[in-house]
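Heads up, the thing below is written out as structure tokens.
The values are calculated or read from the model by the stated rules, or taken from the named source; none is laboratory data. These numbers come from a predicted model, not from an experiment. Counting neighbours? That spans all protein chains shown, and the Cβs are built from the backbone with ideal geometry, glycine included.
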Amino acid sequence: MKHRLRTTFQNTNFVVGFSILVLLLLLTFVTPLFMQGSPLDMVGTLFNKPGNYVNRMGVIDAPKYPMSIEVASIRLGAAVSNDEAKQMLEWLEKSELDVEWKGLDPEKDRAAIVELFLANYDDSIRLPGTSAYRKGFTRLYNKVQNLLSADGYVVHVADPDSESGYREVGKIESRDFTNVKDVPARRFFLLGTDNFGRDVFHELISAIGNSLMVGLIAGSIATTIGLLIGLTSGYVGGWLDNFLTFVTNMFTVIPSFVILILLSYSISSSSRSIVVVAFVIGLTAWPWTARSVRSQTLTLKNRDHVNISRLSGFGTVRIIVTDILPYVLSYVVMAYILQISSAILAEAQLSMLGLGPSTTTHATLGLMLSWSMQFQAPLSGAWWAFIPVVLSIALISFSMNLMNTGLDQVFNPTLR
């Protein structure tokens, strides 16, 4: 046993796959200790980008530090695209005003282009083209008219005692800066927020744990059923073997995913918890394990050590447990690993069809993927809502396949 374990952990494929899986498990246990609230708490709005968010009122109240840093070009770079700068040059050209606009580069001279456009734009100049074409320039002017303002902003608060109803409390100059650490209310979203405004990273870590739980439950059920049927059918033989083989072949001929869909559909959505879905997946995933275990049992039932036990008067159960099971155990472990991986993929497929777990308190990788597709995250450019989920599913499957390959190299004599 010690030699087998030592050989297993000396196999590169197994060690890499095992390390990835352990790392994911550690993340699911350790990360919640540093995260506040429930993973499904709505803390943001629809598809907020990843980044560090600070409260805007907190920025106004925080200490300010004047710095000699040119901010106009930075603001222009963030607010005005190359296409919009080209659109401004297009208006300056077609307006036929006496303006020196030639030679300006939309990428390098963006501030100068905006300044010329703001100084010369006149809504009464009717350029040739449709009304929608001309209104595009008006919208562009309204967007950029305050970008080059050097006067800053005046901050007012509501004051019913004043004539205007507002009272000036301060002014924000264009070169005033605030240290982010001085703002008490801030939140860092490593992967932004999803379609419900929930922290994707916090939700993803919780979903990985729940999906692994689905895999473990379903894999345990499928492997146990397959092992019992395979051992019994292969060793006992006779009419029992024929009956169990018929049932196994019947489940094998009908695609297991079709059976899985029918079973899931027959269960009401209010009853489809994570455990119930895992149980259903396990009930449909056992046939190939049963067939493989039966074939190996048939090669072992007439071995000398089994015949000696049979002649010694040992019972069927004891012979199966002590003389046959140890020889197929290595294969069962490999089958169990593949069952876990297959169950996680099956749950993701069911969730994409709307037949996954029906819950508002827990998330799985399949549910996260389903939510992102329903709210068109790819069309919105919200890559953080679905790409990390896809990568997590792929990483789990990859790690388990590596572990299975490593175990096969250790226990399969033809590969050693």
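A few points about this structure:
- So Ser174, is it surrounded by fewer than 11 Cβ atoms within 10 Å (Cβ to Cβ), at negative phi and small (Gly, Ala, Ser): no
- Of the criteria (1) hydroxyl-bearing (Ser, Thr, Tyr); (2) assigned to a helix (DSSP H, G or I); (3) surrounded by fewer than 17 Cβ atoms within 10 Å (Cβ to Cβ), which one Thr45 fails: (2)
- Residue within the range 63-70 that is closer than 19 Å to Gly152 by Cα, in contact with a helix residue (DSSP H, G or I) (Cβ under 9 Å, 6 or more places away or on another chain) and modelled with pLDDT under 75 present: no
- Subset tally (residues that are within 47 Å of the chain's Cα centre (by Cα) and among the charged types (D, E, K, R)) for the range 302-341: 2
- In summary, strands (runs of 3 or more DSSP E) completely within the range 106-217 and bearing 3 or more residues that are at pLDDT below 85 and β-branched (Val, Ile, Thr) occur at 153-158.
- Only listed residue being under 30 Å from Leu367 (Cβ atoms), of a type in the set (Ser, Thr, Tyr), in the same structural domain as Leu350 (by TED's automatic domain parsing) and out of contact with any Phe, Trp or Tyr (no Cβ under 6 Å at 6 or more places or on another chain), chosen from Ser312, Ser266: Ser266
- Test: residue in the range 187-206 that is in contact (Cβ under 8 Å) with a residue 24 or more places away in the chain, closer than 27 Å to Gly381 by Cβ and exposed (fewer than 12 other Cβ atoms within 10 Å of the Cβ): yes
- Subset of the range 360-387 (residues that are polar (S, T, N, Q), surrounded by 16 or more Cβ atoms within 10 Å (Cβ to Cβ) and either outside the structural domain of Val280 (by TED's automatic domain parsing) or touching a residue at least 40 places away in the same chain (Cβ under 8 Å) (or both)): Thr364, Ser372
- The set of residues from the range 291-335 being in contact (Cβ under 8 Å) with a residue 24 or more places away in the chain and among the hydrophobic types (A, V, I, L, M, F, W, C) comprises Val293, Leu298, Leu300, Ile319, Ile320, Ile324, Leu325, Val328, Val332, Val333, Met334, Ala335.
- Filtered residues of the range 232-256 (kept if loosely packed, with under 15 Cβ neighbours inside 10 Å and assigned to a helix (DSSP H, G or I)): Gly238, Trp239, Leu240, Asn242, Phe243, Phe246, Val247, Asn249, Met250, Thr252, Val253
- Among the numbered conditions (1) assigned to a helix (DSSP H, G or I); (2) surrounded by 13 or more Cβ atoms within 10 Å (Cβ to Cβ); (3) assigned by TED's automatic domain parsing to the domain that holds Leu140, the only one that Leu97 does not meet is (1).
- Of the listed requirements (1) over 30 Å from Trp384 (Cβ atoms); (2) at pLDDT below 80; (3) part of a helix (DSSP H, G or I), Ser264 misses just one: (1).
- Some residue of the range 66-80 being closer than 30 Å to Phe201 by Cα, assigned to a helix (DSSP H, G or I), free of Cβ contacts under 8 Å to residues at least 12 places away in the same chain and not small (Gly, Ala, Ser): yes
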